[in-house]
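Asker: Here it is: the structure, laid out below.
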Amino acid sequence: MSLLIGILTFILVITSLFLVLVVLMQRAKTDGGMGSALGGGSMESTFGAETSNVLSGATIKAAIVFFVVSFILYLAHIYQAKHHEAVDSALPTVSAPAANPAPQPTTPAPVEPKKP
């Protein structure tokens, strides 16, 4: 289950980065902004006059993937947490052995000085 969660987390990060880039490449209504700075002009030559439709479609699809993967990760974490609790509660209990009484501190015998 941890492997699946790791793979889905990687997909979520990649989708997030793609979503950010696609949103930044879109032109604003005023035709100025980050879209032109990040290559919005080159996108027009690549996709033609339908650039805004292509980027809008990519944004919608990336957002859908983002929300679906996020929801699946949420469910996977809940599933893992519930199964982890069930495994922990199924373990046998071990009683501690009886404690030994505390040993009495021993005091060293007084040392008498040597007589010449």
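Asker: If you scan the stretch 4-19, which residues turn out to be open to solvent by 80 Å² or more (accessible area, probe 1.4 Å) and either free of Cβ contacts under 8 Å to residues at least 60 places away in the same chain or hydroxyl-bearing (Ser, Thr, Tyr) (or both)?
Answerer: Selection gives 7, 10, 14, 17, 18.
Asker: Please verify whether residue 70 is in a helix (DSSP H, G or I), among the hydroxyl-bearing types (Ser, Thr, Tyr), more than 28 Å from the chain's Cα centre (by Cα) and modelled with pLDDT of 70 or more, treating the condition exactly as stated.
Answerer: It is false that residue 70 is in a helix (DSSP H, G or I), among the hydroxyl-bearing types (Ser, Thr, Tyr), more than 28 Å from the chain's Cα centre (by Cα) and modelled with pLDDT of 70 or more.
Asker: Against the condition exposed (fewer than 15 other Cβ atoms within 10 Å of the Cβ) and modelled with pLDDT of 70 or more, how does residue 55 come out, does it pass?
Answerer: In short, no.
Asker: Additional query: Is it the case that some residue within the stretch 88-105 is of a type in the set (Asp, Glu), at pLDDT below 65 and more than 30 Å from residue 1 (Cα to Cα)?
Answerer: no
The values are calculated or read from the model by the stated rules, or taken from the named source; none is laboratory data. Just so we're clear, the structure is a prediction, and the values are computed from it rather than from any experiment. Ideal geometry is used to build each Cβ from the backbone, glycine not excepted, and the neighbour counts take in all protein chains shown. Surface accessibility is based on the protein's heavy atoms, side chains included, excluding ligands, DNA and RNA. Shrake-Rupley method; radii C 1.70, N 1.55, O 1.52, S 1.80 Å.
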